[in-house]
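Worksheet: one structure, shown below.
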Amino acid sequence: MKASSHLENRSVVVIGAGPSGAIAAALLKRNGHDVLIIERQQFPRFSIGESLLSHCLDFIEEAGMLEAVQAAGFQTKHGAAFGWAERYTEFDFRDKFTEGHGSTYQVQRADFDKLLADQAELQGVEIRYEEEIIAADFSAARPRLQVRCQDDREYSVEADFVLDASGYGRVLPRLLELEAPSSFPLRRAVFTHIEDNIDDPHFDREKILITTHPELRDVWYWTIPFSNGRCSLGVVASAERYEDRPLDLDACLKELVLEAPNLKRILKHAKWDTPARLIGGYSANVKTLHGPGFALLGNAAEFLDPVFSSGVTIAMRSASMAASVLHRQLTGDAVDWESEFAAPLKRGVDTFRTYVEGWYDGSFQDVIYYERAQPEIRRMISSILAGYAWDARNPYVAEPKRRLRVLAELCASQETA
């Protein structure tokens with residue numbers, strides 16, 4: 001490791017000031033620990049993942065940030081709507097199996113992430129922006145990180161523990177060679193923000209709209225309205241679905257949107273005023289979620305797919321769990337990161353995984369679009385869509401694969417009856 005100009009000693013270093021980093025740091029600070037966040041970018045900065053699930057608010061509240069979020073003027077979100085050709089169905093997160101928050105928010109992440117980071121600072125967390133972790137050494141009793149500042153100065157910091165909340169940056173997985181291939185096929189998302197000018201009386205700004213392509217069921221769109229008359233609009237498809245599409249991202253996205261009748265109608269007055277972006281190969285995995293002196297949070301560890309907006313929920317849940325285990329470790333308790341953090345976190349992630357896989361193979365879509373579903377089953381599905389994928393009292397969480405298979409078969413058989 002390159003020699004640094006000076007060495008600092010801290011109790012906890014958090015890599016990344018996004019939602020999981022801000023919440024983990026705030027929770028640890030509220031328990032009296034010395035916490036430093038090192039963030040590569042300057043906030044506010046653009047990020048995708050604007051539709052929060054209801055379970056997110058449980059962790060925002062735990063970190064003492066809920067009042068600030070409620071006062072920020074974000075678009076209220078009560079659930080999720082789904083459209084496929086002429087079919088339409090919706091789930092209200094206030095009507096669900098699991099207790100907890102129902103309503104949540106749809107947010108422009110630049111503003112939302114800065115708000116959470118600012119709230120962490122107000123609670124006494126130190127955040128250093130535009131500083132990058134360039135090396136990490138976990139061979140000694142205390143981890144040591146090499147940090148490069150914007151002006152190319154470097155310094156080292158030792159800590160009792162490091163939490164990696166770097167999201168897609170995946171700092172420790174890269175530096176410690178922890179990355180593992182994802183089980184999901186390569187998919188790409190083309191997306192933008194638009195001035196939507198939606199005047200359709202049937203469009204509900206208090207729900208995310210997920211649209212299935214009328215013919216290609218593995219191609220889907222998101223429409224996420226914001227409170228300022230704009231929305232996030234994107235399409236997700238496997239790499240081969242783009243092969244005969246325009247290379248220009250704006251033209252590609254517009255062409256695909258015009259193929260979905262409901263979006264063509266809803267967005268007929270939209271002003272496309274922001275260049276489209278592309279993100280691909282976002283699904284990721286790691287060999288381990290923790291090791292001597294570190295744990296990985298949220299997208300730094302694993303990202304499934306954007307279809308059910310689970311990424312921020314998993315990130316916040318991992319932040320809460322890691323902060324609890326780490327607090328006990330730092331105060332002298334013997335802890336087991338595998339049984340107390342990795343294994344229980346993975347159970348919820350695997351629940352989401354089952355329904356993501358079911359979405360793309362069509363079985364979960366058969367359930368979503370089934371028009372004669374029993375109300376209690378819909379409430380159980382609504383709980384999962386609201387982010388409560390760790391509630392084992394819900395049969396569709398406790399046995400997701402078996403329950404989904406049986407339910408999908410039932411829905412398909414009754415559709416053809």
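Here the gap between residue 287 and residue 401, fully extended at 0.36 nm per residue and compared with their Cα-Cα distance, gives a gain of 38.7 nm. Taking label positions 7 Å along the Cα-Cβ direction at both residue 151 and residue 334, the computed distance is 4.9 nm, reported to one decimal. Using θ = phi - 60° in the Karplus curve 6.51 cos²θ - 1.76 cosθ + 1.60, the 3J(HN,Hα) couplings for the range 10-19 round to 10, 7, 10, 10, 10, 8, x, 9, x, x Hz; x is entered for Gly and Pro.
Measuring between their Cα centroids, the range 115-152 and the range 282-335 lie 17 Å from each other. Amide H contacts under 5 Å for residue 14: 36, 37, 38, 163, restricted to partners 5 or more places along the chain or on a different chain, H placed in the peptide plane at 1.01 Å from N. When nucleic acids and ligands are ignored and a 1.4 Å probe is applied, residue 390 ends up with an accessible area of around 40 Å². Ranking 95, 196 by solvent-accessible area of protein heavy atoms (1.4 Å probe, all protein chains present), from largest to smallest, gives 95, 196. The figure for residue 264 is an accessible area of roughly 120 square angstrom, using a 1.4 Å probe on the protein chains alone. If I build a Gaussian network model for the chain, linking alpha-carbon pairs within less than 10 angstrom, which residue out of 373, 322, 386 has the largest mean-square fluctuation? The residue with the greatest mean-square fluctuation here is 373. Pull out a ≥ b ≥ c, the square roots of the eigenvalues of the alpha-carbon gyration tensor of the range 85-234, then state rounded if a/c is under 1.5, prolate if not and a/b is larger than b/c, and oblate in the remaining case. Prolate is the answer for the range 85-234, as a/c is 1.5 or above and a/b outweighs b/c.
Computed as a quarter of the hull surface, the mean projected area of the alpha carbon convex hull for the chain stands at 20.5 nm². Please say if the range 235-328 is rounded, prolate or oblate, where rounded means a/c under 1.5 for a ≥ b ≥ c the square roots of the C-alpha gyration tensor eigenvalues, and otherwise the choice is prolate for a/b larger than b/c and oblate otherwise? Prolate, because a/c is 1.5 or more and a/b exceeds b/c. Taking the charge dipole of the range 248-303 about its Cα centre, with +1 at Lys and Arg Cβ atoms and -1 at Asp and Glu Cβ atoms, the residue from 300, 262, 290 reaching farthest to the positive side is 262.
Thinking of the range 54-150 as a set of Cα atoms, what percent of all their pairs are more than 17 Å apart? List each step's numbers first, then the result.
Details: 3119 of 4656 pairs.
Result: 67 percent of Cα pairs exceed 17 Å.
With the contact rule set at Cα under 8 Å and sequence spacing of 6 or more, what percent relative contact order holds for the chain?
Details: 838 pairs, mean separation 88.0, N = 417.
Here the relative contact order equals 21 percent.
Using DSSP, restrict attention to beta bridges with both residues in the chain and report what percent are antiparallel, rounded to the nearest 5.
Details: 50 of 75 bridges.
The antiparallel proportion sits near 65 percent.
Entry for the range 286-417 at q = 0.09, 0.20 Å⁻¹: log10 I(q)/I(0) = -0.32, -1.11, Debye formula applied to identical alpha-carbon scatterers, no solvent contribution. Phi angles across the range 299-314 convert, under the Karplus curve 6.51 cos²θ - 1.76 cosθ + 1.60 with θ = phi - 60°, into 3J(HN,Hα) values of 5, 5, 9, 7, 10, 8, 6, x, 4, 10, 6, 7, x, 5, 5, 4 Hz, Gly and Pro given as x.
If you take the square roots of the eigenvalues of the alpha-carbon gyration tensor of the range 1-93 and sort them as a ≥ b ≥ c, do you get rounded (a/c under 1.5), prolate (a/b over b/c) or oblate? Let's see the in-between values first.
On the way: a/c = 3.30, a/b = 2.09, b/c = 1.58.
Prolate shape, in that a/c is at least 1.5 and a/b is the bigger ratio.
Identify which of 32, 79, 64 has the largest mean-square fluctuation in a Gaussian network model of the chain, with springs joining Cα atoms closer than 10 Å. Highest fluctuation of the listed residues: 32.
The values are calculated or read from the model by the stated rules, or taken from the named source; none is laboratory data. Quick caveat, the model's predicted, so the values are computed rather than measured. Backbone-built Cβ (ideal geometry, glycine too); neighbour counts: all protein chains shown. Remember, those area values only see protein heavy atoms, side chains included, never the ligands or the DNA or RNA. Shrake-Rupley method; radii C 1.70, N 1.55, O 1.52, S 1.80 Å.
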